[in-house]
Ligand SMILES: [Zn+2]
């Protein structure tokens, strides 16, 4: 199978050496799609054996920093190392993504000093040419398309659907993606409270990567339960959608401590009935049926 799903970052805004910010890599044929780009995603990419220059598409679920902090680093690193020999990054995201791109990379943007230096200084030209580039050096220009619920994207042998999620409106929009090809279907929720659009989007998918920010019996304050999901929310959505495998992501140290994580997975599995995986950074998530195997 030429399809591979790797969890790069399964953490939250809380800094962690165990879990990077949100980042999930789908490799299909010659393309590599990155879903979210939170803190430390680029280093996790390297650890997974994928240089940033191989990333062809970035799909942002929302603009909370734990999901997009390394957007600038990814674009600049990819552009610098690519030396004009790779296509521009295709970027999808909610409203605000184009503005963020402009504020980062335009001539009055955050990285103007860096970009002016790298495109104009002789020393940078020297390095650029050594990497195979041909002058003049062109600034990075990510190709941004903002998406909202109902949007569809057609790729090379794959397609993607989008649904609006329930998270931090009206301050920022949050979207979920369903990516699929003939070899499988993957849904990435981003951050959200349970909602009917997500169940519809995830219908019969192979893998559902679902936010699991707390234990439902521990956190009951509606301020959090109406904007994020707990373990039973994820399991209920997985059951209602009829997915094959539920992968819990967006995990805190509190709910993954020994003894708690086992209870969490057991309770989610009892609610869902299918395979439940506790996500870990750099885990390759199975896309097909999961069967026990005998000792070798
Ligand atoms: Zn969020």
ask   = For residue 168 and residue 126 in the same chain, what is the full-extension length gain: residue separation times 0.36 nm, less their Cα-Cα distance, in nm?
value = 10.5 nm
inquiry  = Restricting to bridges with both residues inside the chain, how much of the DSSP beta-bridge set is antiparallel, in percent to the nearest 5?
reply    = 55
Principal-axis tilt of helix 260-272 within the chain, Cα atoms, nearest 10 degrees = 70
query = In degrees, nearest 10, range 0 to 90: what is the angle between the Cα axis of helix 231-241 and the longest Cα principal axis of the chain?
reply = 90
note = Two pseudo-spin positions, 7 Å from Cα along C-beta at residue 196 and at residue 107, lie apart in nanometres by 5.0
task = Measure off 7 Å from each Cα along the Cα-to-Cβ vector at residue 138 and residue 81, then give the distance between these two points in nanometres to one decimal.
result = 2.1
query = What's log10 of I(q)/I(0) for the chain at q = 0.06, 0.08, 0.13 Å⁻¹, Debye sum over Cα points only, no solvent?
reply = -0.20, -0.35, -0.87
query = Highest GNM mean-square fluctuation, the chain, Cα pairs closer than 10 Å: which of 208, 172, 25?
reply = 172
query = Tell me, 16, 229 in order of fewest to most beta-carbon neighbours within 10 Å?
reply = 16, 229
query = For the stretch 32-184, what is the percent of antiparallel DSSP beta bridges, rounded to the nearest 5?
reply = 50
ask   = In nm, to one decimal, how far is the modelled label at residue 95 from the one at residue 261, with both set 7 Å along Cα→Cβ?
value = 3.9
ask   = Mind checking the angle between helix 71-82 and the chain's longest principal axis? C-alpha axes, 0 to 90 degrees, to the nearest 10.
value = 50
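Read-outs: derived from the displayed coordinates by stated rules, not from any lab. Everything quoted here is computed from the prediction, not taken from an experiment. Quick reminder, even Gly has a Cβ in these numbers, built from the backbone with ideal geometry, and neighbours come from all protein chains shown.
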